[in-house]
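Structure first, then comments.
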Amino acid sequence: MLDRATEPSTKDAVTRRVRFRGAGFVPASSRFGGWIALALVIAIWQAAGSTGLVNPLFLPAPSAIVRAIYELALSGALWQHLSASLLRIGVGWLLGTAAGIAVGFAIGLSRLARSVGITFISALFPIPKIALLPLLILWLGIGEEPKIATIALGVFFSTAISVYSGVDAVPRNLIRMAQSFNVPFATIVRKVVWPGALPAILAGFRITASVALLLVVSAEMIGAQYGIGAFVLQAGNLMQTDQLLAGVVILSAFGLVVGRVINWLETRLLHWR
Amino acid sequence: MDLIANHISHRFGDLAVLDDVSFTVGAGEVVAIVGPSGCGKSTLLSILGGLLQPTSGAPELRGAPPADSLNPLTFVFQDFALLPWATVEENVEFPLLHTQVSATQRRALVEDALRRTGLTDFRKTYPKQLSGGMRQRVGISRALAVRPAILLMDEPLSALDSQTRELLMEDFVRLLADGGMGAVYVTHNLEEAARLADRIVVLSRRPGRIREVVSVPMTRAERGEIAAREKLLALQNQIWSLIRNEAIDAEREVQHA
């Protein structure tokens, strides 16, 4: 029986290899592929500009944008606009995040806060926060406060939602485990719920960072003397497209830097995953 | 200290899970709870350990716990319930942090618990780096650190492969031999029950009632010997014959959504 199994069943039949059919569906990103593609696009763009194929008024060449950024940096205008935006984003984001974490934890841990909080958040979250800016100007005046408040509001709702989802997602068995050792409530929150919710909270930061960036630019376009948003709008009005795109590139760079910072935080704080 | 199940009944909504279950776990005694799946074994253990409020009846303690016990009733969980962000050492230390013990004493307790479970060299590793068996050893180590009077073990081996189960079973035999510690050991594995328990509580199908309490007339040391094999097998068969028909019914039951 066993011997026969090792022999081919028919002596003169040809053997065929089993066709491999497991290929695909594992897209591996190569390390330099993206950079090469980016460089290629910039090169084509530059070539189109240099040869006069594209009107520089509508789409200035990359070299013109780089020159514009350089000149802005040299004149100090870049820092003036950037610092105004960074201050608004920084303060607004911190305020919104702090409040969002506090409210998110309350909703995640208390029945009362949950029933009240979720109703309010569901009602208020869908409002585009920029629509509240005029009201906030009426309330807070025309200074920095309404812009910061708009950003803080936008950040607050997203943060509160990601925090309470994170708290909800903390494995129930870990909380039961802590309770079985008589660990007090506050310690369970600090040592079990907080670290357990941290991945969701950090993922929320990624969203709120882009919300803050969106809102700062919008708010500055509505009413500000300084700030990247104001600068971009001004450049557009004056048809200085190289300046305009310089502003856009700076925004893109800012977004990239924030993304990197959050990556770094995740590898530092969530190394256990 | 004795742990008493005093006429415990429990319902989840309309579903009666436990019906008037009473028994006593004496000091240092190991009681296994077996029964067909869904008979409320784990529910009973949660109730005994104060993690779930029974619909009627109550878990009770009689007598003082050992003076050095920091958590007389201590669970060992099926899914280990380790903090994934904490190292082995930190996991074992976790239940001691809020207690009154001094830092020196705490370190000594952690050290002792790690040593008894063979984890001393793994103190700095994280749970995800460990095999299932080692993870459960961390769970056991954490339980030992608080000097329990009675271990409440909820299917502690059922998430593990059979070889690892065998190794951990040897650890349990050793730990329960030298500690003067009692245990309630919930399992669906009759062999584990027969190897460890002084008495085996056999529950009926849902709602779980006590069908029979079977004593194992051998010391745990004797059960390791080849001569004991046959007796233990006979015991397992006796219990299996009590459960088998109900296990078939339980298996064929259609769950209501």
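Being in a strand (DSSP E or B) and under 18 Å from B:PRO59 (Cα atoms) is the filter here; which residues of the range B:178-224 pass it?
From the range B:178-224, those in a strand (DSSP E or B) are B:182-186, B:199-203, B:208, B:210-215; that's our starting set.
B:GLY182, B:ALA183, B:VAL184, B:TYR185, B:VAL186, B:VAL201, B:LEU203, B:GLY208, B:ILE210, listed by residue number.
Does A:VAL167 meet the test of being touching a residue at least 60 places away in the same chain (Cβ under 8 Å), aliphatic (A, V, I, L, M), in contact with a helix residue (DSSP H, G or I) (Cβ under 9 Å, 6 or more places away or on another chain) and over 13 Å from A:TRP93 (Cβ atoms)? Walk me through how you get there before you give the answer.
Numbers: touching a residue at least 60 places away in the same chain (Cβ under 8 Å): yes; aliphatic (A, V, I, L, M): yes; in contact with a helix residue (DSSP H, G or I) (Cβ under 9 Å, 6 or more places away or on another chain): yes; over 13 Å from A:TRP93 (Cβ atoms): yes.
Answer is yes for this residue.
Answer with yes or no whether B:VAL138 is more than 9 Å from every other protein chain (Cβ to nearest Cβ), at pLDDT 95 or above and within 17 Å of the chain's Cα centre (by Cα).
Values: more than 9 Å from every other protein chain (Cβ to nearest Cβ): yes; at pLDDT 95 or above: yes; within 17 Å of the chain's Cα centre (by Cα): yes.
Considered against the rule, which asks whether it is more than 9 Å from every other protein chain (Cβ to nearest Cβ), at pLDDT 95 or above and within 17 Å of the chain's Cα centre (by Cα), B:VAL138 comes out as yes.
Could you pull out the residue among B:GLN105, B:GLN100 that is part of a helix (DSSP H, G or I) and either more than 14 Å from chain A (Cβ to nearest Cβ) or at pLDDT below 95 (or both)? Only one candidate passes the filter, namely B:GLN105.
Within the range A:218-240, being within 14 Å of A:LEU72 (Cα to Cα) and hydroxyl-bearing (Ser, Thr, Tyr) holds for one residue alone: A:TYR226. Scanning the range B:225-248 for residues that are surrounded by 13 or more Cβ atoms within 10 Å (Cβ to Cβ) and at pLDDT below 85 yields B:GLU246, B:ALA247. The residue that is farthest from B:GLU191 (Cα to Cα), counting only those in the range B:233-257 that are of a type outside the set (S, T, N, Q) and without any contact (Cβ under 8 Å) to a residue 40 or more places away in the chain, is B:ALA257. Any idea which residue in the range A:206-242 is modelled with the highest pLDDT, counting only those that are polar (S, T, N, Q) and assigned to a loop (DSSP other than H, G, I, E, B)? If we take residues in the range A:206-242 being polar (S, T, N, Q) and assigned to a loop (DSSP other than H, G, I, E, B), then A:GLN240 is modelled with the highest pLDDT. Take A:THR119 and decide whether it is within 25 Å of A:ALA209 (Cα to Cα), of a type in the set (S, T, N, Q) and surrounded by fewer than 20 Cβ atoms within 10 Å (Cβ to Cβ). Here the answer is yes, as A:THR119 does meet what is asked. The condition of being in a helix (DSSP H, G or I), under 30 Å from B:ILE47 (Cα atoms) and away from chain B (no Cβ under 14 Å) holds for only one of A:VAL167, A:VAL103, that being A:VAL167. Checking the stated criteria, B:ARG220 turns out not to satisfy the condition of being at pLDDT 90 or above, among the basic types (Lys, Arg) and closer than 22 Å to B:LEU3 by Cβ.
Which is closer than 26 Å to B:THR24 by Cα and touching a helix residue (DSSP H, G or I) at 6+ places or on another chain (Cβ under 6 Å), of B:LEU119, B:LEU160, B:LEU109, B:LEU190? Lay out the reasoning, then the answer.
Numbers: B:LEU119 fails: closer than 26 Å to B:THR24 by Cα; B:LEU160 fails: closer than 26 Å to B:THR24 by Cα; B:LEU109 fails: closer than 26 Å to B:THR24 by Cα.
When all the criteria are applied, what remains is B:LEU190.
Each residue in the range B:221-257 was checked for being over 17 Å from B:VAL34 (Cβ atoms) and among the basic types (Lys, Arg), and 3 pass.
Is it the case, given these coordinates, that A:ILE222 is more than 14 Å from chain B (Cβ to nearest Cβ), over 14 Å from the mean Cα position of the chain (by Cα), touching a residue at least 24 places away in the same chain (Cβ under 8 Å) and under 26 Å from A:ASN55 (Cβ atoms)? Before the answer, list the steps.
Values: more than 14 Å from chain B (Cβ to nearest Cβ): yes; over 14 Å from the mean Cα position of the chain (by Cα): yes; touching a residue at least 24 places away in the same chain (Cβ under 8 Å): yes; under 26 Å from A:ASN55 (Cβ atoms): no.
Against the criterion (more than 14 Å from chain B (Cβ to nearest Cβ), over 14 Å from the mean Cα position of the chain (by Cα), touching a residue at least 24 places away in the same chain (Cβ under 8 Å) and under 26 Å from A:ASN55 (Cβ atoms)), A:ILE222 does not qualify.
Residue under question is A:VAL192, and the condition is that it be within 30 Å of B:ARG147 (Cα to Cα), at pLDDT 95 or above and under 27 Å from the mean Cα position of the chain (by Cα); does it hold? Taking the combined requirement at face value, the residue satisfies it.
The values are calculated or read from the model by the stated rules, or taken from the named source; none is laboratory data. Predicted model, so just to flag it, every value in this text is computed and none were measured. So basically every Cβ, Gly included, is an ideal-geometry build from the backbone, and we count neighbours across all protein chains shown.
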